[in-house]
Amino acid sequence: MITRRIIINVPEKIFLAEKTDESTFARELRILAAVKLYELGRLSSGRAAELAGMSRVEFLLELGRYKVFPFEAELNDLENDYA
């Protein structure tokens with residue numbers, strides 16, 4: 001799999017406010033981006049899991065932590081098929 005690196009400048013004050021280090025913050029940022037893109041319907045759960053660096057099952061379980069319903073896209077598909 002080909003990956004690309006994205007560099008984001010983060011002010012030092014953010015690390016102090018979050019009481020975290022760079023690697024922990026970077027991992028959390030990847031997860032947050034994956035969750036939001038999934039929530040918006042821009043990524044499937046599988047692709048979002050890849051972005052988050054975890055398995056699809058782990059990602060779906062993690063969604064509860066962010067108060068995101070894990071099967072929103074599937075529910076919408078079923079509703080559209082029924083209508």
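The values are calculated or read from the model by the stated rules, or taken from the named source; none is laboratory data. Computed from a predicted structure; not experimentally measured. Backbone-built Cβ (ideal geometry, glycine too); neighbour counts: all protein chains shown.
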* Can you tell me which of LEU32, LEU37, LEU63 is crowded, with 18+ Cβ neighbours inside 10 Å and either in contact (Cβ under 8 Å) with a residue 40 or more places away in the chain or part of a helix (DSSP H, G or I) (or both)? -> LEU63
* Asked: Listed residues GLY46, GLY53; which is at positive phi, in contact with a helix residue (DSSP H, G or I) (Cβ under 8 Å, 6 or more places away or on another chain) and exposed (fewer than 14 other Cβ atoms within 10 Å of the Cβ)?
  -> GLY53
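For (1) among the aromatic types (Phe, Trp, Tyr); (2) under 10 Å from the mean Cα position of the chain (by Cα); (3) modelled with pLDDT of 90 or more, each residue gets a yes or a no:
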residue	(1), (2), (3)
ILE8	no, no, yes
THR20	no, no, yes
SER23	no, no, yes
ILE31	no, yes, yes
LEU40	no, no, yes
ARG65	no, no, yes
ASP77	no, no, no
ASP81	no, no, no
